[in-house]
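*Asks:* The following block contains the structure, expressed as structure tokens.
The values are calculated or read from the model by the stated rules, or taken from the named source; none is laboratory data. Not measured: the values here are computed from a predicted model. Every residue, glycine among them, receives a Cβ derived from its backbone with ideal geometry; neighbour counts consider all protein chains shown.
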Amino acid sequence: MNITVGDLQVGFVNGKLDLNYASVSFDAGTYPNRLNGSVQVTKEDGISMTSSEDDIKTAAKVKIQKLVSDRAENTDEDEVPTE
């Protein structure tokens, strides 16, 4: 999986600089099983102002894998036999 950290959105909270989110784009797989997109990694995903680029990539990978896993579980439940 290729992950690229883009812009960081920061703001002031109580007079101190605080990280709102990091924009991350990703792509993985090959046609026809290719997936690409972007996510916002937030403090809830375990990053902070002191996080490194690798920390953000790791948090993004976990978030993306969870999203894919959740979608796969929902798809399996939604499938109805056609026979």
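*Asks:* List the pairs whose first member sits in the range 54-83 and is under 18 Å from Glu44 (Cβ atoms) and hydrophobic (A, V, I, L, M, F, W, C), whose second member is in a loop (DSSP other than H, G, I, E, B) and modelled with pLDDT of 65 or more, and whose Cβ atoms are under 6 Å apart, counting only residues at least 6 apart or on separate chains?
*Replies:* Correct list of pairs: Ile56/Ile47; Ala59/Gly46; Ala59/Ile47.
Listed here are the residues, each with its yes/no results for (1) at pLDDT 95 or above; (2) touching an Asp or Glu at 6+ places or on another chain (Cβ under 6 Å); (3) surrounded by 12 or more Cβ atoms within 10 Å (Cβ to Cβ).
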{"residue": "Asp18", "(1), (2), (3)": "no, no, yes"}
{"residue": "Tyr21", "(1), (2), (3)": "yes, no, yes"}
{"residue": "Val24", "(1), (2), (3)": "yes, no, yes"}
{"residue": "Ala28", "(1), (2), (3)": "no, no, yes"}
{"residue": "Asn33", "(1), (2), (3)": "no, no, no"}
{"residue": "Thr42", "(1), (2), (3)": "yes, no, yes"}
{"residue": "Ala72", "(1), (2), (3)": "no, no, no"}
{"residue": "Thr75", "(1), (2), (3)": "no, no, no"}
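*Asks:* May I ask you to list the residues in the range 15-63 that are of a type in the set (Phe, Trp, Tyr) and part of a loop (DSSP other than H, G, I, E, B)?
*Replies:* Passing the criteria: only Tyr31.
*Asks:* Within the range 1-16, track down each residue that is farther than 23 Å from Thr50 by Cβ and surrounded by 10 or more Cβ atoms within 10 Å (Cβ to Cβ).
*Replies:* Met1, the sole residue that qualifies.
*Asks:* Moving to a separate point now. Select from the range 48-61 the residues that are of a type in the set (Val, Ile, Thr) and at pLDDT 95 or above and write down the one among them that is nearest to Gly11 (Cα to Cα).
*Replies:* For the range 48-61, the residue satisfying everything is Ile56.
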